[in-house]
Amino acid sequence: MKRERQGSYALDLEINIKKYLEGDADSEGRKPDARYASFDYCFNYFQSFRETGESAALASPANVQLSCLHLGFYLASWGMLRGSAELLQKSARHLAPVVEIVDDADTSIWEIDDHCYTEANIQRILDAARTFRQSQPGMSDILVTKIMLGVFGNVPAFDTNFKKGFRVATFGPKALRKVGAFYQENSHLIDRYCIPTLDFVKGKPTQRSYTRAKVIDMAFFIEGMS
């Protein structure tokens, strides 16, 4: 099958997104009990605080344990607690400083998505990543971007598959400009995918949608697996 060319990439967004959501021989897809849905439950949790203007309560004594558990299980589902991963020897409480940073984050970082990757917003993303790394020195590109994707939804996760599929080596300003440029070249396609997250209790679609960064993340995650 000839692959549709999107900008400098020969891929088919529709096929890749379908594989992600519906699964194939190598994956169950995003079924309510499958690991891909762990993103939805984590993202729903953190975004629910933002949407009610209560993001500053995420690290409160009443919420910090649940915040750490949501973030920790999502990261575990996405491979951050296996092999020699930096979190393997840690408990969920280790993520409390990360949650405190989210709790204290400026409103602007929650509002960034790929359609507004200006130089100023790219710098905000990098500054946020730097702040997370200051809380836990040695935090990898993979971990910091998976945290930011699962909480804010403002940047793809720069894991092995995404970097291979998107043809970038590291997370930095050049790569983020490339993400922004890809969106601008393909906005007419990406904006068609208003994919609702799944609700934890019933496993049904919610009124909350995936961000553009998440759509690009999953398209190139699948691309990198091929």
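Kindly evaluate residue 129 against the criterion of being open to solvent by 30 Å² or more (accessible area, probe 1.4 Å), within 26 Å of residue 209 (Cα to Cα), of a type in the set (A, V, I, L, M) and touching a residue at least 24 places away in the same chain (Cβ under 8 Å).
It is false that residue 129 is open to solvent by 30 Å² or more (accessible area, probe 1.4 Å), within 26 Å of residue 209 (Cα to Cα), of a type in the set (A, V, I, L, M) and touching a residue at least 24 places away in the same chain (Cβ under 8 Å).
Any chance segment 176-195 includes a residue that's on the phi > 0 side of the Ramachandran plot and over 17 Å from the mean Cα position of the chain (by Cα)? No; the residues of segment 176-195 include none that is on the phi > 0 side of the Ramachandran plot and over 17 Å from the mean Cα position of the chain (by Cα). Looking at segment 107-120, can you tell me whether even one residue there is modelled with pLDDT of 95 or more, outside any helix (DSSP H, G or I), of a type in the set (S, T, N, Q) and out of contact with any helix residue (DSSP H, G or I) (no Cβ under 6 Å at 6 or more places or on another chain)? Checked against the condition, which is being modelled with pLDDT of 95 or more, outside any helix (DSSP H, G or I), of a type in the set (S, T, N, Q) and out of contact with any helix residue (DSSP H, G or I) (no Cβ under 6 Å at 6 or more places or on another chain), segment 107-120 yields at least one hit. For segment 173-198, taking the residues that are within 16 Å of residue 12 (Cβ to Cβ) and charged (D, E, K, R), the one that is surrounded by the most Cβ atoms within 10 Å (Cβ to Cβ) is identified as 185. Pairs meeting the criteria (first residue in segment 205-226 and over 17 Å from residue 23 (Cβ atoms), second residue aromatic (Phe, Trp, Tyr) and open to solvent by 20 Å² or more (accessible area, probe 1.4 Å), beta carbons under 6 Å, at least 6 apart or on different chains) are 215/193. Out of 40, 33, one residue alone is of a type outside the set (Gly, Ala, Ser) and not in a helix (DSSP H, G or I). It is 33. Criterion applied to 178, 204 was being farther than 23 Å from residue 27 by Cβ and charged (D, E, K, R), and the one residue passing it is 178. For residue 142, the conditions (1) under 17 Å from the mean Cα position of the chain (by Cα); (2) within 22 Å of residue 73 (Cβ to Cβ); (3) without any contact (Cβ under 8 Å) to a residue 60 or more places away in the chain all hold with the exception of (3).
The values are calculated or read from the model by the stated rules, or taken from the named source; none is laboratory data. On a predicted model such as this, the values are computed, not experimentally measured, just so you know. Every residue, glycine among them, receives a Cβ derived from its backbone with ideal geometry; neighbour counts consider all protein chains shown. SASA here: full protein model, heavy atoms, side chains in, ligands and nucleic acids out. Shrake-Rupley method; radii C 1.70, N 1.55, O 1.52, S 1.80 Å.
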